[in-house]
Structure formats: C-alpha cells, structure tokens
1. Wholly within the range 107-153, which helices (runs of 4 or more DSSP H) include no fewer than the required count, namely at least 2 residues that are loosely packed, with under 14 Cβ neighbours inside 10 Å and either touching a residue at least 12 places away in the same chain (Cβ under 8 Å) or under 17 Å from the mean Cα position of the chain (by Cα) (or both)?
2. Would you call residue 94 farther than 30 Å from residue 35 by Cβ and loosely packed, with under 14 Cβ neighbours inside 10 Å?
3. When you scan the range 61-76, do you find a residue that is surrounded by 19 or more Cβ atoms within 10 Å (Cβ to Cβ), touching a strand residue (DSSP E or B) at 6+ places or on another chain (Cβ under 6 Å) and within 30 Å of residue 36 (Cβ to Cβ), even just one?
4. Give just the number: which of (1) part of a helix (DSSP H, G or I); (2) surrounded by fewer than 11 Cβ atoms within 10 Å (Cβ to Cβ); (3) in contact with a helix residue (DSSP H, G or I) (Cβ under 7 Å, 6 or more places away or on another chain) does residue 101 not satisfy?
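Values quoted throughout were computed directly from the atomic coordinates according to the rules given, and no laboratory measurement underlies them. All values derive from a computational prediction rather than experimental measurement. Please note: Cβ atoms are built from the backbone with ideal geometry, for glycine as well, and neighbour counts cover all protein chains shown.
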C-alpha cells in the first residue's frame, strides 16, 4: 500500500503472471478498495474469478488457440461476470479471430460485458485486426497492447 500511495493515482490494476495464484492478491484488493481506489484485476481466467472481492473490476483474458493455452480457460467464469467486468482475447491470426467471434456468439458475451480483441504484438498487424472487427459489425473494442509498444517485453512496469 505504501508503494501505491507514492503515486498520485486513484486506479490500480492487479496483474502480472496470474494474480489469482498469489495468496495476498485478495487482501491487497480489499485494502485498495477500503482506501477508495478503483481496482481492476487482469487474470488469465484459469482460476475462479470470484476470488476477487465485490467492487473489483475483473478483466478475463480468454486464451485463443494460437496461444497454446486454450485448454486453461475456465468457462464457468463467464457465468460469474458482474457489471464492470470485461473479456479480452489476444488474437494471433485469422483462426484465432474466427474462434473468438464464435466464442462471443456462443456465450452471448456482447450482452454480458464489454469484449476487447488485441493483436499479438509483433505478429498480427493492428490495422488488419481492426478491419476484421469492423467487418463483423459487432461492438467489439479494439485494444492495442500499449504497454508492449512502450516497454516491449520488459517486466515490472
């Protein structure tokens, strides 16, 4: 909390690796909420998202086939979405995109929560993904991984 208070901000995102594997993540979230911070938690969604307390906005990063981690998606989390939560899918290629659109449709995600698609940095051209999104006519938000444009693969930023 001391490190967070050192910054003049009111929004904190808990992320990095898999925050729901960290024993202190819920305690940190509780403390941040009690101190009137807006709290986000970005998770791969492989763990139960209800580990985060009410008031935390959860961002679930569903894994597409191109990640080789699609097996780790915990689909039960979709039924646990609350107001303020979001779904993010990082897209590697057209196969991932088509899979993601099918998931959005199959789980009726547009009706439940904002959906964001991001291109795999350095692999899929942002302009091409934006074009595909526009062609669907769906209210999917384009989300460029800005942190990777600024810091690359550097950790701890």
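1. By residue number, 146-151.
2. Considered against the rule, which asks whether it is farther than 30 Å from residue 35 by Cβ and loosely packed, with under 14 Cβ neighbours inside 10 Å, residue 94 comes out as yes.
3. yes
4. The number of the failed condition is (2).
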